[in-house]
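Enquirer: Can you keep this structure in mind? I'll have questions shortly.
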Amino acid sequence: MVPLRPVWYACRDNLLTTMKDFKMNKNQIKGSAKSFVGKVQEEVGILAGNKVQQAKGVNKQISGNAEKALGDAREAIKDAHNRH
């Protein structure tokens, strides 16, 4: 059985690190939230011994990370445009 406490701290630290920069666009926020939910779903699947839920959680994390990366790219383009 995997203890839930370290999982919560890992998720919380990831979310707090992500939210330090309050200038987040919609893609960054949605991506971070989706990744967080996916991590929780994966860990619940591990605790329950449910491989399907684990896989869905991993899939959601990948999707969330991709959406956050899109938001990061948009923000970088916007920042570069504002500098010139």
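Enquirer: Any idea how far apart residue 82 and residue 46 come out in nm if each label point goes 7 Å out from Cα toward Cβ?
Expert: Between residue 82 and residue 46, the simple spin-label model gives 3.8 nm.
Enquirer: Which trypsin sites (Lys or Arg not before Pro) does the range 17-84 hold that lie in a coil by DSSP with at most 15 other beta carbons within 10 Å?
Expert: Qualifying residues, ordered by number: 20, 23.
Enquirer: Where does the charge balance sit around residue 62 when Lys and Arg score +1, Asp and Glu -1, over other residues with C-beta under 15 Å from its C-beta? Numbers along the way, then the final one.
Expert: Details: positive: 30, 34, 39, 56, 60, 68; negative: 42, 67.
That works out to +4.
Enquirer: Tally Lys and Arg at +1 and Asp and Glu at -1 over the other residues with C-beta under 11 Å from the C-beta of residue 81: what net charge comes out?
Expert: Numbers: positive: 74, 78, 83; negative: 75, 79.
Combined, the nearby Lys, Arg, Asp and Glu give +1.
Enquirer: Taking residue 30 as the anchor, which lysines have their alpha carbon closer than 19 Å to its alpha carbon, excluding any fewer than eight residues away along the same chain?
Expert: 20, 39, 56, 60, 68, 78
Enquirer: Right, another one. Once fully extended, how much extra length lies between residue 56 and residue 29, figured as 0.36 nm per residue of separation less the alpha-carbon to alpha-carbon distance? Let's see the in-between values first.
Expert: Values: separation 27, 0.36 × 27 = 9.72 nm, distance 2.01 nm.
Computed gain between residue 56 and residue 29 is 7.7 nm.
Just so you know, all these numbers are worked out from the coordinates, no wet-lab data involved. What you see is a predicted model; the values in this text were computed from it and never measured. All Cβ positions, even for glycine, are placed from backbone atoms using ideal geometry, and neighbour counts span all protein chains on display.
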